[in-house]
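Beneath this line is the structure, given in structure tokens, with notes to follow.
Throughout, read-outs are computed from the coordinates displayed, never taken from laboratory work. Predicted, not measured: the structure shown is a model, and the values here were computed from it. Note that we place each Cβ from the backbone using ideal geometry, even for glycine, and neighbour counts take in every protein chain shown.
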Amino acid sequence: MDMTLILTAICKDDIFVCADTRYEDKKWSGGYKDGFDKIYKFDSYPLIIFNHGVNQFNERYWDSFCLEYEKLGGWKGKNLDLISEDFRSFIEGNVLRQLDFNMKTWPNDVNGRKSGFVVCGKNSEKNELEIYEYFWNPKPEPPQNFPWKGVRLNGFGTGYDNYLKNDVSNFIDWKAFNQTQIKRELEKLFSLARERKNSKGGKEFSDNCIVKSIMQ
């Protein structure tokens, strides 16, 4: 439920998300599978949503909820801060029910009680790139809300915590980067984490990644 490495960065003209493709599930042989796209990008609006932690809610993967939310169209005509609040209201009931089920079914599984959604996009009213995170942990309570203020790079998942978190800030002046540069640097960081993981025989995330941007 928390096998992942996701990197999100704001450069001067875009937001990029780099994510591995591994999901964990107790029902699968070995406990995990690769090949999943963890980045949901809207077709007709500069908006990306991704999930970390628990990713299935009543047997539905998180991205099916994103697709439903996009089709409903309640986000239209809203600025990004209001979109993030609207999406939180849309997804929250499903998240809380699943976390409550997980805690009762697997009381010793700490990862089974954590789930987060991150909304990345452009606030048309302010003409600014913004990111909002909603994170539920460790029990059904109102989620913690983390609007990014002044943060240019953030990471999510056990892969980030184990292999990049302690030194990633030493690498890059993110504000100076354009779209081409930021994509390349995120891929470099992912490769560094992969090398460290494989040297230790880790399984926290897949060897391949997907990179998407809100503006491209």
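Over the chain, what is the relative contact order in percent, taking alpha-carbon pairs closer than 8 angstrom and at least six residues apart? List each step's numbers first, then the result.
On the way: 375 pairs, mean separation 72.6, N = 216.
In percent, rounded to a whole number, it is 34.
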For this session: Give the cross-link partners of LYS76 among the aspartates and glutamates, using a straight C-alpha distance below 16 Å as the criterion and excluding same-chain residues fewer than 8 apart.
Result: ASP43, GLU68, GLU85, ASP86, GLU125
Seminar exercise, completed: To the nearest 20 debye, the chain has a Cα-centred charge dipole, built from +1 on Lys and Arg Cβ and -1 on Asp and Glu Cβ, of 320
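Quote to one decimal, in nm, the extra length available between LEU67 and GLU187 on full extension: 0.36 nm per residue of separation minus the C-alpha distance between them.
Working: separation 120, 0.36 × 120 = 43.20 nm, distance 2.67 nm.
Length gained, LEU67 through GLU187: 40.5 nm.
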For this session: For segment 1-140, just say rounded, prolate or oblate: build the C-alpha gyration tensor, square-root its eigenvalues into a ≥ b ≥ c, call rounded for a/c under 1.5, and beyond that prolate if a/b exceeds b/c, oblate if not.
Result: prolate
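Can you figure out the FRET efficiency of LEU82 with ASP13, using R₀ = 22 Å and their beta-carbon distance, to the nearest 0.05? Mind dumping the intermediate values first?
Values: r = 23 Å, r/R0 = 1.06.
FRET efficiency, LEU82 to ASP13: 0.40.
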For this session: Please list, or write none, the lysines whose alpha carbon is within less than 23 Å of the alpha carbon of LYS104, excluding same-chain residues fewer than 8 places away.
Result: LYS26, LYS27, LYS114, LYS139
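For the chain, what does the helix formula give at 222 nm: sum of -39500 (n - 2.57) over DSSP H segments with n ≥ 4, over the residue count, nearest 500 deg cm²/dmol? Kindly include the intermediate steps, with their values, before the conclusion.
Details: 4 runs with 64 residues, N = 216.
Counting only the DSSP helices, I get -10000 deg cm²/dmol.
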Exercise. Under a point spin-label approximation (7 Å from Cα along Cα-to-Cβ), what is the LYS26-LYS175 distance to one decimal in nm?
Worked result: 4.8
